[in-house]
1. How are the alpha carbon pair distances in region 2-66 distributed across 10 Å bins from zero to the largest one, expressed in percent?
2. Need the full-extension length gain, residue 54 to residue 7, defined as separation in residues times 0.36 nm minus the C-alpha distance. One decimal, nm.
3. At 7 Å along the Cα-to-beta-carbon direction for both residue 19 and residue 68, put a label point, then send me their distance in nm to one decimal.
4. Note down the nm distance, to one decimal, between modelled labels 7 Å out along Cα→Cβ at residue 40 and at residue 26.
């Protein structure tokens, strides 16, 4: 069930960001679990430092994708090598 999988990803310690793929083809990255609430038939997602929010019907979530782990630079991607 999508709701159970969402709760599992949101409660994981330590938290790892993940991507929501929707049936429309859109996607969203969940970076902060405290801004997401799994309800009976919808997912509530708030935007940080904003009054903006989104409700996503659980039936429209096509996939949950784990993100690559970060390497300590906080960007989630490969780090830039220093020149010496």
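1. Going from the shortest bin to the longest, the percentages are 22, 60, 18, 0.
2. Residue separation times 0.36 nm, minus the Cα-Cα distance, leaves 15.2 nm.
3. In this crude label model, residue 19 to residue 68 measures out at 1.1 nm.
4. 2.4 nm
Taken together, the values in this text are just the output of simple stated rules run on the coordinates, not laboratory data. Nothing here was measured: the structure is a model prediction, and the numbers come from that model. Virtual Cβ from ideal backbone geometry, glycine too; neighbours counted across all protein chains shown.
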